[in-house]
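I have placed the structure first, in the form of structure tokens, so that the comments after it can refer back to it.
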Amino acid sequence: MALIEVQDLVKRFDGKEVLKGVNVLLSEGQSKVVMGASGCGKSTLLKCLNLLVAPTSGRIIFKGEDITRPGVDIHRLRQDIGFVFQHFALYTHLTVEENITLGLRKIRKMKTAAAREKAAFELERVGMFEHRKKYPAHLSGGQKQRAAIVRALAMDPAVLFLDEPTSALDPQMSREVVTVINKLYLDNITMFCVTHDPFLAKYISDSIVFMHEGVIVAEDIAERLFYEHDDPRIRQFYLSVIDHR
Amino acid sequence: MDAFLQDLIHYSPQILAGLKNTLLLMAVMSIAGLAGGIGVFYLTLGKNRLLRWGTERYISFFIGTPLLVHLFLMYYGLPQLGIRLSAFAVAVIGFTLNVSAYNARYLMTAYNGLDKTQIEAARAQGFRFGQTFRLIILPQTLRLSVPSLTNQVIQNLKDTSVAFLIQYPDFFAQMQEIASTNFQFLKTYVAAGLVYLALVSVIVAAARRLERKTALPGLETLDHA
């Protein structure tokens, strides 16, 4: 069953069309990656899907409900979507544990002890339990991103959105994070990820959507898209990101 | 014993009463000014454009005009409209409006330095704006503003000395009265200055302690030793 169905999505910023009629489907348990050059509209697409950015036109059906119609409870919708940011976006005045329990306590209305227990369990899964009392400023980039992933996952969202989760990391830390997201992929967590990183894309996706100038050009599994596709834009993109690795 | 010291002892009940009034005014305006500053800061972040414009004008007016004008306007001007307020009420209202504007500006400055991805993350998590303000924005901006906010408390203490111009019997008003009785202007005002300095030193010590305790992780003062 489709968890998210995007129909003819258009987004204009000051007259510039960033998304030009995008159609995408994401099924429950599926992991889809969106790739494309900078400025192709992939991050905008992701932010439109939880209404952090308001679409100009088109429809987004989430769990069978059109979330672009007026009167939708935007907060309830977002509580059902985990979001991981490129620059981690951890709350700097809170410890790792508090970063995770804040949403559990204030949104999920869990008692502090239960929220801590849940945080401990999730942190253990990504090897971050021993860092739970540390503040974000005292963590490495890879640790910060793992904590951010746990913060999103602990809320038991229907889907996890990842916006360039490895772009701000050096190769070693990036690998740490890829390993964690790969584990989620193997656990059949529904994911929608935007990335430049072909290594990440390959290890966490059922299929890859390639975007160019606000339009979806192709969708296929990693091996075929990277190695067999004859669209010159895809070839050029793949060669450029491989060069930068 | 020195005649001046004898005068001080003689007038000590009056001096202490003035000191009490000074500290009371400082405490009330510091607390009310902090609450007011937070309120104004909250409104400046809201979606309502008119409200944002209004709060901006409010801040500009109170920062851009002298405190004494506000006090005189309320104490001597309002009675002409039939509104008569006590010196204490005028001092509290006038100072609070003024201090709130400054405190709001300090909080806005701290907010400008904040990593805004946290606010986007809070929105993405499903927090409402009020929750984001209370749980994410305010704790950080307050902590980042501790040096400015505590300097404002020091300023508040010193500014109380202006209140004697609207007949508020503060510490400085008492000292002035003593000086005009014994004509020991130099000694009396030096003594007044020393008392203010002692009080400010206490606030400074408490402020530095608070700064150390509330510094955001990663932004603690570097040890230059």
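The values are calculated or read from the model by the stated rules, or taken from the named source; none is laboratory data. Computed from a prediction, not measured in an experiment: that's the story for all the values here. So basically every Cβ, Gly included, is an ideal-geometry build from the backbone, and we count neighbours across all protein chains shown. Surface areas here come from the heavy atoms of the whole protein model, side chains and all, with no ligands, DNA or RNA. Shrake-Rupley method; radii C 1.70, N 1.55, O 1.52, S 1.80 Å.
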Handout entry: Boolean, A:E28 is touching a Lys or Arg at 6+ places or on another chain (Cβ under 9 Å), away from chain B (no Cβ under 14 Å), over 19 Å from B:E120 (Cα atoms) and open to solvent by 40 Å² or more (accessible area, probe 1.4 Å)
Key = no
Practice task
Those residues that are of a type in the set (G, A, S) and under 17 Å from B:A173 (Cβ atoms), I need them from the range B:1-35; list them, please.
Solution key: B:S12, B:A17, B:G18
Fill in the blank from the handout: Of (1) under 25 Å from A:I4 (Cβ atoms); (2) open to solvent by 20 Å² or more (accessible area, probe 1.4 Å); (3) in contact with a Ser or Thr (Cβ under 9 Å, 6 or more places away or on another chain); (4) not basic (K, R), A:I107 satisfies every one except (3)
Fill in the blank from the handout: Out of (1) within 19 Å of A:A37 (Cα to Cα); (2) part of a helix (DSSP H, G or I), the one A:Y203 does not meet is (1)
Fill in the blank from the handout: Restricting attention to the range B:34-72, the residues that are open to solvent by less than 70 Å² (accessible area, probe 1.4 Å) and either closer than 11 Å to B:R105 by Cα or assigned to a helix (DSSP H, G or I) (or both) number exactly 24
Practice task
Within the range B:89-125, track down each residue that is within 14 Å of chain A (Cβ to nearest Cβ), part of a helix (DSSP H, G or I) and not hydroxyl-bearing (S, T, Y).
Solution key: B:A110, B:Q118, B:I119, B:E120, B:A121, B:A122, B:R123, B:A124, B:Q125
Problem - Positions within the range B:126-154 being more than 7 Å from chain A (Cβ to nearest Cβ), open to solvent by 10 Å² or more (accessible area, probe 1.4 Å) and either in contact with a strand residue (DSSP E or B) (Cβ under 9 Å, 6 or more places away or on another chain) or aliphatic (A, V, I, L, M) (or both), in sequence order - result: B:L138, B:L142, B:L144, B:V146, B:L149, B:V153, B:I154
Completion exercise
For the range B:84-140 the number of residues that are in contact with a Gly (Cβ under 9 Å, 6 or more places away or on another chain) and farther than 22 Å from A:R76 by Cα is 13
Fill in the blank from the handout: Scanning the range A:80-108 for residues that are closer than 20 Å to B:L138 by Cα and facing chain B (nearest Cβ under 7 Å) gives A:A89, A:Y91, A:T92, A:H93, A:L102, A:G103, A:K106, A:I107
Handout entry: Close pairs from the range A:163-187: first farther than 14 Å from A:Y203 by Cα, partner β-branched (V, I, T), Cβ under 7 Å, at least 6 apart
Key = A:D163/A:V84; A:D163/A:V194; A:E164/A:V194; A:E164/A:T195; A:L169/A:V177
Completion exercise
Taking the range B:170-194 and the residues there that are surrounded by fewer than 17 Cβ atoms within 10 Å (Cβ to Cβ) and among the aliphatic types (A, V, I, L, M), the one that is farthest from B:S30 (Cα to Cα) would be B:L186
Problem - Filtered residues of the range A:38-48 (kept if assigned to a helix (DSSP H, G or I) and either within 11 Å of chain B (Cβ to nearest Cβ) or open to solvent by 30 Å² or more (accessible area, probe 1.4 Å) (or both)) - result: A:S43, A:L46, A:K47
